[in-house]
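Please treat every number below as a calculation from the coordinates, not as lab data. Every value quoted in this text rests on a predicted model; they were computed, and no experiment measured them. Because the Cβ atoms are built from the backbone with ideal geometry, glycine has one as well, and the counts that use them run over all protein chains shown.
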Amino acid sequence: MANIGFLLIFCIAGLFIGQFIGMIFAAIFYPGSISDFTQNISSGLLQPQMKTSFYVMQGMASLAAFIIAPLLFLNFVARTDAKRIFKGQVQITAALLVCVIVLAFMFFNSIFIEWNTHIKLPEFLSGFETWAMNKEAQLKSLTEFLTKFDSRFEFSLAFIIIAIIPAVGEELVFRGVLQNYLHKWIKNVHIAIWVSAIIFSLIHMQFYGLVPRILLGALFGYLYVISGSLWMAILGHFINNGFTVIMIYLYQKGAVDINLEDQATMSSTQLLLTGFICFLFLTIYYKYYQRRQSTS
C-alpha cells in the first residue's frame, strides 16, 4: 500500500510541475502577458485567444502527471521495468472486438448517464449537492470551450490532449499500476478492477458523471485482465474519447447530424440492443483470449 501512496505523490507532483512548465510554453501562443493568462484562468474567464495556450497547458499537465510521473515512479520507487506493463501485442481481431464493445457500451451507458445527471440527493446533503452542481456547470463550460473547434489545428491539439494522452496515461496509472497493486494486495481481481474504477471516476471530480465513468473504468479493467495487455485498455479508452471528439468536430462542420452533446434518451429497444451487442462481443473477446491461452 505504501507504493500506492508514493504513486499518488508522484502524480500530484507531476501535475503541478506540468502545469508550471505548461504555463511557460502557453505564453508562446498567448497574445497577452502570462500574468493575464493565469488571472483569466483563475477567474474562470475563458476567451477564444486563450484556447491554444490552454490546450498546451492542459497537455503538459496531463503528460507530466499521468505518463512521465508514473514512469519515474516505476523506475525509481517500484523498480519495475515499464516494458513489463506494456507487454503484449495488439491483435487485429481483438482490436476490432474492442472497437465494437466500447462503441456499443458508449450508447448503452447513456441510461446511466441520464440517471446520474438527474439524481436528487437528500436534504442533509444539500451543501454537497450545491457544490457538485456548481462544479458540473464549471466543467461543462470548460468542455464546451475546449471542444469548440475554430480550425483543424485546434481539433488536432484537442484530439491529443483529450483522446491520446488520457488513453495512455490514465490507463497506465489506473489499470497498469493501481489495479495491479490492488490485485496483489486484495487477491481478488474483480475487487481490484472495481476499486480502481471508482478511484478513476472520483479523480475526475464529476459527481453527476460518477456512475457511468465507474462502469467505463471497470470495462477498461476487464479488457486489460482478459487480454493481459494494457494496450487493449488503452485502445478502449482511446476509442471512447477519440470517437466523441471526432463526432463533435464533424457535427460542427455539418458533416454529420448526430450531436453527441445533446442526445435524447435512447429507447428501451435501443438500450437493450446496444447492451446485448456489448455483452455478446465482450464474451467473444473473452473466448478469443481463452483459445489463445489454451493453444500457446
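Name the aspartates and glutamates eligible as straight-distance cross-link partners of K135: C-alpha to C-alpha under 15 Å, and not fewer than 8 places from it in the same chain.
Excluding near neighbours in sequence, the set is E144.
What is the ratio of the Cα radius of gyration of the stretch 1-154 to 2.2 N^0.38 Å, with N the residue count, to two decimals?
Cα Rg divided by the expected 2.2 N^0.38 Å: 1.34.
Would you mind telling me which residue in R213, R175, R79 has the biggest mean-square fluctuation in a Gaussian network model of the chain, where springs connect alpha carbons within a distance under 10 angstrom?
Sorting by GNM fluctuation, first place goes to R79.
Could the peptides 228-234, 178-184, 146-152, 25-31 be put in order, highest first, of the mean number of other beta-carbon atoms found within 10 Å of their residues?
228-234, 178-184, 25-31, 146-152
Which three extents, in whole angstrom, do the alpha-carbon atoms of the stretch 1-80 cover along their principal axes, largest first?
Principal extents (Cα only, largest first): 44, 21, 16 Å.
Holding the Cα-Cα limit at 23 Å, pick out from K83/K287; K140/K253; K120/K140; K87/K287 the pairs that are longer than that.
Flagged as over cut-off: K83/K287.
Mind running the shape call on the stretch 129-188? Use the C-alpha gyration tensor, a ≥ b ≥ c as the square roots of the eigenvalues: rounded below 1.5 for a/c, prolate if a/b tops b/c, oblate otherwise.
It comes out oblate by the Cα gyration axes.
Given Cα pairs under 8 Å that are at least 6 residues apart, what percent is the relative contact order of the stretch 1-80? Write out the running numbers ahead of the final one.
On the way: 78 pairs, mean separation 39.2, N = 80.
RCO, the stretch 1-80: 49 percent.
Given the C-alpha centroids of the stretch 49-64 and the stretch 99-155, what is the distance between them in whole angstrom?
21 Å
Per residue of the chain, what 222 nm ellipticity follows from adding -39500 (n - 2.57) for every DSSP H run with n ≥ 4, rounded to the nearest 500?
Details: 15 runs with 213 residues, N = 296.
Using -39500 (n - 2.57) per qualifying helix, the result is -23500 deg cm²/dmol.
What fraction of the Cα pairs in the chain, stated in percent, has a spacing above 24 angstrom?
It works out to 57 percent of all Cα pairs.
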